[in-house]
Structure formats: structure tokens, C-alpha cells
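These notes are about the structure you will find just below.
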Amino acid sequence: MYQYNHADQAIVDERVSQFRDQTRRYLTGELPDEQFLPLRLQNGLYIQRHAPMLRIAIPYGLLATYQLRKLAEITRRYDRGYGHFTTRTNIQLNWPKLEEVPDILAELASVQMHAIQTSGNCIRNTTTDPYAGINKDEIEDPRPYCEIIRQWSTFHPEFAFLPRKFKIAVIGTEADRAATQVHDIGLHIVKNDEGEVGFEVLVGGGLGRTPVIGKVIREFLPREHLLSYLDAILRVYNLHGRRDNKYKARIKILVESLGVPAFTKLVEAEWNAHSKDGELTLTEDNFVKAKSYFTEPDYEQIDELASQAELKKQLDGNKDFANWYQQNTVSHKVAGYRGVVISLKAGLVDGKFVPPGDVTDAQMDTLADLADEYSFGEIRATHQQNLVFADVKQSDLYALWEALTAINLARANINTLTDMIVCPGFDYCSLANATTHNIAEQINRKFDQVDYLYDLGKIQLNMSGCMNACAHHHVGDIGILGVDKKGEHWYQISLGGSSGSDAKLGNILGKAVAAEEVADTLQTILDVYVDQRETEETFNDAVNRLGIKPFKEAVYGGR
Amino acid sequence: MVVVNRHSQVTEDNWTFVEVNNLPTDVPLPQICLSELLHLNERPDVLVPMTDALSQSGLVAETMSLINNHSSRIGVWCATDTSTETLDELLAASKNADSVLLGLDLVLIHVPAFADGRGFSLAMHLRQQGYEGEIRMSGDFGRDQLAYLTRSGVDTFVVAEQELKGDFMSSFDALESAQQGRAASNLPMFR
């Protein structure tokens, strides 16, 4: 993975001392609220319902074990012994003290971590495919490009006070595991007829109050122009995006209001006039250098047949292991290896519900040890709020599974109904209108039969506690949105969304249901699916074919 | 109010705004009304609204030429809602021998609010277009933006004198190792 050099380290250290000074000036009243607000946000610091919340950046989701151990230590020392992974593949601390944040940032800087631009109206953490580099069908590994974008966007002097936040995602395969079409900019690595590598550029996707799927503004951008073109898009947005209304300030609104051709024209004009072929142009040497940080780990030559035979014995001998293998591991381009998804959706542990995406300090420490032992000392965070060990030997799977089971991180539910994306909701977040954890718990209690969940197949359930849509409810196969009705929490359900290569927004089923009825309503919906599905038809395909009507009738009947 | 430059120095300054209706109420530099200007013996450096300075004909253009005859240097000011097209027009005029803007010395950008980041792009645009004169900023920017603003091409800042006490000037040095936003070769990995 990318190793910070002296320049990166200097930048992170300088940022810590800058923020320490800003915090001091704020606490002594020298720095006014309206100026401290955007400054603290750009250091990942929110003021939430109970306490500040600190969001720590994990660039494109990639963590080294020494960094994970540092996170564990920080949550022990400065917080309540756990962290929460987010859909931007960052990690949040819910209970830091404002005056201790500069110390936390200094601790993070010691392992080249930070909270830079994890919030605020600036360019946020670039995200990517959690299986980058291990995909057989990958055109190119997206991580070197993510790193180039990280360096360009970090402290870009021109784009720190944009009309609104700005998110970029990059993928290198046709399959989209990074929700690129609901990003401000989605970049798809493609090859042209000459075999040259470049990007298909999508702009103006986003969720929130006005969900929009991104539009292609350039089918092929030669890769050397990556930064100059991004610069041009950002400048057009910075100058033309609305600043009078925060709900209309995202680039998606600008693209929609100008229309794609007019927006594209502005970008191309800006690019051709100023930045194209200028000093932001990347060279072959630059790409070689960037790629040198993401070389393959030292894979062993594995006797595939022997390895398979051994695995088969283990799978046949243990149903739980077989389920986990089936649900939580993915294929790998190197024979004898698998990618392992670690479910952070443990559900009920000793009768107590674990919020999706939460990991304790002890779990982090053990995960770091396991990653050192089984996956080349590297961990990845996913947009579904899970973790990935990308390079595990097939022959190590059983031992890893046992070790994960011992710390309640081997629930075999990836891509099933209980592998939910859930925001912290009203319990923590001051923006939220409704609680989410109680509903997630209710769903976990109701749908506890694994064979039933496996029979339902792939269902992505996303639940947000308000229309800001942090949990991407619009693009879940099942989306749940918490709403406030006269002080009571109600839940609006939508069906048929997708954040994959077929990205689309779900259709709203009908009026919101009461909190205590959510799981029962899901049961009714799933019964319709099971009843009417065709052979091998996924839930999403069935909703597509049947439309919303049969589900609506089943749920609301004559009501 | 004083003018501070990017090298953390308070500078001597003689620029004066010519009074106009749309002058923001909080502009901090001295102002002069047109009739006063016409009766002055010396010829001061004056700041006029950018849109007026770009007028090609009519009363506004005539007034501009009058101002030109009674001033040493002309600078222009604009707010952050100025378009890049207008800036391009301005730069074209600054190279036009027939324009009052020939050899333009100063562009002042007035920022209405701390979070309004358009000034960064306007300054960067001017620099990318080859403008070599002074870019000055006034209004509601904050000291924590000075480093980014200078990197975007701003030279001088109009600030209240009481702001300068303490370590105000150290803000110019914030994040000094960070990239300038202009060259790939300045990214950490390629240095």
C-alpha cells in the first residue's frame, strides 16, 4: 500500500498544529463560530447529539495493521472502546472530547492517519472497489489513481470552500461495488480501441433530498488528463454551483439545471482554455511511480488441486464453515487465494444488538493480528460497512474462520437481508429524524433463520434516519427512511433500488409504517417475492418485473 | 484598515474607491466622490467597479475616461459573483491600447462571507490567464484562509488593524508543505 513520504508526513503534522491553534483560538473566543465551523468540519469534527463526533479518514478504505492497532488504542484512551465504519469507508468516534481532539489527531499522525476533509464543503475521501487488485476481470487496479486523486484533493487551495461537499469514486471493473453512479464524480477505468487506459467520467450523481443518478459527460478521458479534468469540473462547480440554498448546492443540481450538454460545454471550455496539457498533466513516470505502491503481495505458488481437496473436506465437515465460505468469501485472481469479507453486522451478540459497522477496540486488535497472519498485514473497509481481508490462502480459511468466530465477526450473512447499511440515526446524529438501531435490531430478531435468509438470496437493505440518506436508502433493494411525524418515528419503505452498474432509485411503497410494524411489513413484502419469483430470480429482478403494485397491495390491502 | 501582503508585511497603500451606488457598505479603504476627484491637484490611484470599467460606450464609458484623466492608476473591484467570462474581458481590455484598463495594476475581489469560496477560483483563473498585476482581497475572508488564498494567487489583503495583534501573520505559513493545486509534480509522491 502507499507509504507516506516525508512530504505527506510533514503535511499531516502541519495540519495537526494548525488545528491545535484553531481550537485554542476558538476556545478563547478569538475565532468566531461561523469560521470555526467549516474549519473543524474539514478536520472531521462534528458536534452531535451527545458529544462531538470525529470522523477519521481511511483513504479508499485501505488500512495497515499498525494503523488499525492505533485506532484501537485511540478508542480505548479517548473514546468508549469502539469505532463505527461508514459508507465512505471512514471510521467515526462518537465520544471524543473537543479539547482532546488535537491530541487524537497527533496520535493519528504518528501512523500517518488524519481526519482531513472527512467533512465540510470540500473534496472528501475518494472511495473504490474493496476487491481492487484481486479481481480477475479488472481493467486496471483503481488504487493508484485513487492515491493520485487523494494527493491532488488534499489541501487543494482552490477547493476548500465549495458550495457543498464533494465525493469521488473510482472503479476498474464493469461491476460497480463503489456506488460510483451516486457520486458527485464517478470514474470508470476503461480502455479505448487503441488499448489506451482512460476514464469514463460521470458527474452529478448523489442521494440526499434529491437523489440523482450520475450522467456521463465524457466517454473516454485519457488518463494523463485525470487531474486537469477534475480541476476543470471542480472550478465550474465552485463558480457556478448554488450557494443560496444548501439543499440545492450539490453539483447534481447544477448539472440538472444546466442540462448535461451545457454543463459539459462549460467543463470542456474551462479545461481546454486553462488546464489541458498544463502542469497538472500526468506522465508515464507518474503512473509507474503511483503503481509501484500497489504491487502484488508475495503470493505463494499453491497446488490448487491439493488445496481444493483439503478445503472440500473442511466444507463437508462443517455446515457453519461452509455457509461462511459461501457467503463471506469471494474469488481471487490468484489460484489458491480468496478474498474474505468480515461481517460487521453481527446482529445479536449475547442478546445485545451490535449496531451495523461497529467494532470494539479488542476486535480491532485481534483483526490486526489476524491480518498480519493471514492477509499480508492489510485490511480494507467497504462501502457496505464491512471489512475485507483481500489475500487469504484457501488453506488458511478454516483457521481464520475459527478465529473470527471467537470474536463474533464470522456471521455468514454477507449480501443477505441482515447485511444492512445503517446510519447511526437519532440515537447519535443531530440531523436524524428517527432511530435506526432499534429497527435494525427488530429486523435481526425477526429474520434469524439463516436458511430462510439464504433462500431469499441477495438483498441489500439500506436504512437512513433522515432524508440526508447517509445509508443510501434510495439505492437499496429495500430502502427504509426514518421520518418524524409529530414527534413519533415512522418508516417509509422503498423497493428496487440499486447502486451497482444498473444503478437506479427505488420506488416508494406507500405511506410510512409505524416503528413496531417495520419487520412485519418486510415479511409481507418478502412473502410476495417468495410466492411470485421465478427460478433463480433475485429480489431486485422480481421487483423490476412485477412492479411495486403487488407489494403495495399486500402491505396496505384496502387501506 | 490596513493592507497586508503575502510576505506578512503591512504595506503602504494609496488606492481609493470611487464612490458608486453599488459599493458594498463595508468596503474598508478610503472613498472619494467623483466631483472631489475632478478637483484634486494630485492624481490618486483609484478603484472603480469592474463592470463600469468594461463599459464600451455611453455615459459610463465617458465617466471612465474622465476618471482616467484624473488618476495615476486605475484598479477594478468586483464581488465573488463575477463570471470568468467577465474576467477574460477584463484581461483583454488590459492589453488594449485604447482601453482605460491598459496595464491594469489591481483587481480587488470582495468576499461577502467566509464560506464563499468563489474568490479562490477567480484568483486562480486570473493567474492561469496570465494576469501579473496585484490581486487583493477584502471582505469576510478569515486569517485561516490566507495560506490557501495566496496559493490561489492573491497578493494582498485588506484587514482590520486590531486583527494584526498576536500571531496573525503566522497564518500565511500554515500547511507550508501542502501542494499548490497547480502542478502534478508538486504532489508528495512526485516531488
Inset, instruction - Quick one: in segment A:189-223, of everything that is within 17 Å of A:Lys167 (Cβ to Cβ) and among the β-branched types (Val, Ile, Thr), which residue is surrounded by the fewest Cβ atoms within 10 Å (Cβ to Cβ)? - result: A:Thr210
Inset, instruction - Give me a count of the residues in segment A:234-245 that are surrounded by fewer than 21 Cβ atoms within 10 Å (Cβ to Cβ) and either in contact with a helix residue (DSSP H, G or I) (Cβ under 7 Å, 6 or more places away or on another chain) or under 25 Å from A:Ile189 (Cβ atoms) (or both). - result: 2
Legend entry - Test result for A:Ile149, of a type in the set (A, V, I, L, M, F, W, C) and away from every other protein chain (no Cβ under 12 Å): no
Inset, instruction - Can you tell me which residue within segment B:102-139, out of those that are in a loop (DSSP other than H, G, I, E, B) and closer than 19 Å to B:Leu54 by Cβ, is most open to solvent (accessible area, probe 1.4 Å)? - result: B:Leu102
Inset, instruction - Among what's in segment A:224-233 and is open to solvent by less than 30 Å² (accessible area, probe 1.4 Å) and not polar (S, T, N, Q), pick the residue that is nearest to the other protein chains (Cβ to nearest Cβ). - result: A:Leu227
Legend entry - First in segment A:238-252 and facing chain B (nearest Cβ under 9 Å), second anywhere and part of a helix (DSSP H, G or I) and open to solvent by less than 30 Å² (accessible area, probe 1.4 Å), Cβ under 7 Å, 6 or more apart: A:Asn238/B:Ser121; A:Leu239/B:Thr84; A:Leu239/B:Ser121; A:His240/A:Leu254
Inset, instruction - Would you mind listing the helices (runs of 4 or more DSSP H) fully within segment A:318-409 where at least 3 residues are among the polar types (S, T, N, Q) and surrounded by fewer than 22 Cβ atoms within 10 Å (Cβ to Cβ)? - result: A:319-328
Legend entry - All positions within segment B:148-162 that are out of contact with any helix residue (DSSP H, G or I) (no Cβ under 6 Å at 6 or more places or on another chain), at the interface with another protein chain (Cβ under 10 Å from one of its Cβ atoms) and farther than 12 Å from B:Ile109 by Cα: B:Tyr148, B:Thr150, B:Arg151
Inset, instruction - Output the residues belonging to segment A:154-174 that are within 14 Å of another protein chain (Cβ to nearest Cβ), in contact with a strand residue (DSSP E or B) (Cβ under 9 Å, 6 or more places away or on another chain) and open to solvent by less than 10 Å² (accessible area, probe 1.4 Å). - result: A:His156, A:Phe159, A:Ala160, A:Leu162, A:Phe166
Inset, instruction - For A:Ala115, state whether it is more than 10 Å from chain B (Cβ to nearest Cβ) and either free of Cβ contacts under 8 Å to residues at least 24 places away in the same chain or within 20 Å of A:Lys291 (Cβ to Cβ) (or both). - result: no
Inset, instruction - Answer yes or no as to whether A:Asp419 is in contact with a helix residue (DSSP H, G or I) (Cβ under 7 Å, 6 or more places away or on another chain), of a type outside the set (Lys, Arg) and closer than 30 Å to A:Leu505 by Cβ. - result: no
Legend entry - Evaluation of A:Gln181 against (1) open to solvent by 10 Å² or more (accessible area, probe 1.4 Å); (2) assigned to a loop (DSSP other than H, G, I, E, B) (one fails), failing number: (2)
Legend entry - Odd one out for A:Leu45 among (1) over 23 Å from the mean Cα position of the chain (by Cα); (2) modelled with pLDDT under 95; (3) over 28 Å from A:Ala390 (Cα atoms): (1)
Inset, instruction - Find all pairs meeting these conditions: Cβ atoms under 8 angstrom apart; at least six residues apart or on different chains; first residue within segment A:34-53 and surrounded by fewer than 19 Cβ atoms within 10 Å (Cβ to Cβ); second residue of a type in the set (Asp, Glu). - result: A:Arg49/A:Asp427
Inset, instruction - Just give me the residues in segment A:114-141 being within 15 Å of the chain's Cα centre (by Cα) and part of a loop (DSSP other than H, G, I, E, B), in sequence order. - result: A:Thr118, A:Ser119, A:Arg124, A:Asn125, A:Thr126, A:Asp129, A:Pro130, A:Tyr131, A:Ala132
Inset, instruction - Please enumerate the residues belonging to segment A:246-280 that are open to solvent by 80 Å² or more (accessible area, probe 1.4 Å) and assigned to a helix (DSSP H, G or I). - result: A:Lys246, A:Tyr247, A:Lys248, A:Glu256, A:Ser257, A:Pro261, A:Lys265, A:Asn272
Inset, instruction - Scan segment B:181-191 and give yes if some residue there is modelled with pLDDT of 90 or more, open to solvent by 20 Å² or more (accessible area, probe 1.4 Å) and hydrophobic (A, V, I, L, M, F, W, C), otherwise no. - result: yes
Inset, instruction - Examine segment A:478-488 for a residue that is β-branched (Val, Ile, Thr), surrounded by 18 or more Cβ atoms within 10 Å (Cβ to Cβ) and in a loop (DSSP other than H, G, I, E, B), and state whether such a residue exists. - result: no
Inset, instruction - Test A:Lys312 against the stated conditions and say whether it is basic (Lys, Arg) and either touching a residue at least 12 places away in the same chain (Cβ under 8 Å) or at positive phi (or both). - result: no
Inset, instruction - Being within 14 Å of chain A (Cβ to nearest Cβ) and either of a type in the set (S, T, N, Q) or in contact with a Gly (Cβ under 6 Å, 6 or more places away or on another chain) (or both) is the filter here, so list the residues in segment B:89-111 that pass it. - result: B:Ile109, B:Val111
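The values are calculated or read from the model by the stated rules, or taken from the named source; none is laboratory data. Note that this is a predicted model, so its numbers are computed, not measured. Cβ sites come from the backbone with ideal geometry, for glycine too, and all protein chains shown count toward neighbours. Areas reflect the complete protein model, heavy atoms only, side chains present, ligands, DNA and RNA absent. Shrake-Rupley method; radii C 1.70, N 1.55, O 1.52, S 1.80 Å.
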